Amino acid sequence: MTFNPYNCQPDEAHMGRIERRIRIAGTISTVAFLIIGGLAWKFLPALLEMPSTFHEALRYSLRWSLPAFLVLLTAVMLVSTGRRLSAADVAGAAAGPPSSRIAIKVAFLQNTLEQTVLAVGSYLVMASVLVGAWLALVPVAAAFFLVGRILFYRGYKSGAEGRALGMSLTMIPTAVLYVVALIGLLASFPL
């Protein structure tokens, strides 16, 4: 019997391989973001004027939220169009679970909504705590979000392994921004 990664539960033999590939994707995403984010932190302020006040930082971070919201809008449109074109789904979510025709789109929308809230929140928290070169991490995180969501959607049919790189490219930058903001916040308190 062959293993279908999209709609079947893996057995123990497959779980080991899946876990390894998820860890590899997470490592690749973390290293890539740390390198690219570090380069942006060092060189982007020489190319672009970084915000130096809270209001400038807030405006800047909200502007960089646009890619995340556009991906979310796209996900909503994929589901709504899919529902409209499917007799099994046109009655809506309250009528029952999604058909296989839109199941991946619904899962993508749900995950993208969660990731958008977390990502935009991290951009705004960065703006509330830090200014200057640290905000160079925000556009890098926005770019990773966009690429990550595309890879997540494209890889979904291949199961957890297929969506692992997209998920980690989306999530790791968000987590790093929260950690950087937390360190910045703690450093701002006098001892």
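The values are calculated or read from the model by the stated rules, or taken from the named source; none is laboratory data. Keep in mind it's a predicted model, so treat the numbers as computed, not measured. In this analysis, Cβ positions are derived from the backbone assuming ideal geometry, glycine residues included, and neighbour counts consider all displayed protein chains.
Of note:
- Criterion: of a type in the set (Phe, Trp, Tyr), modelled with pLDDT of 95 or more and surrounded by 19 or more Cβ atoms within 10 Å (Cβ to Cβ) - qualifying residue of Tyr178, Tyr123: Tyr123
- Among (1) more than 16 Å from Ile36 (Cβ to Cβ); (2) in contact with a Ser or Thr (Cβ under 9 Å, 6 or more places away or on another chain) - the single one Val147 does not satisfy: (1)
- Among the candidates Leu165, Leu186, Leu146, the residue that is surrounded by fewer than 21 Cβ atoms within 10 Å (Cβ to Cβ) and within 11 Å of the chain's Cα centre (by Cα) is uniquely Leu146.
- Candidates Pro190, Pro139 - the one that is outside any helix (DSSP H, G or I) and not polar (S, T, N, Q): Pro190
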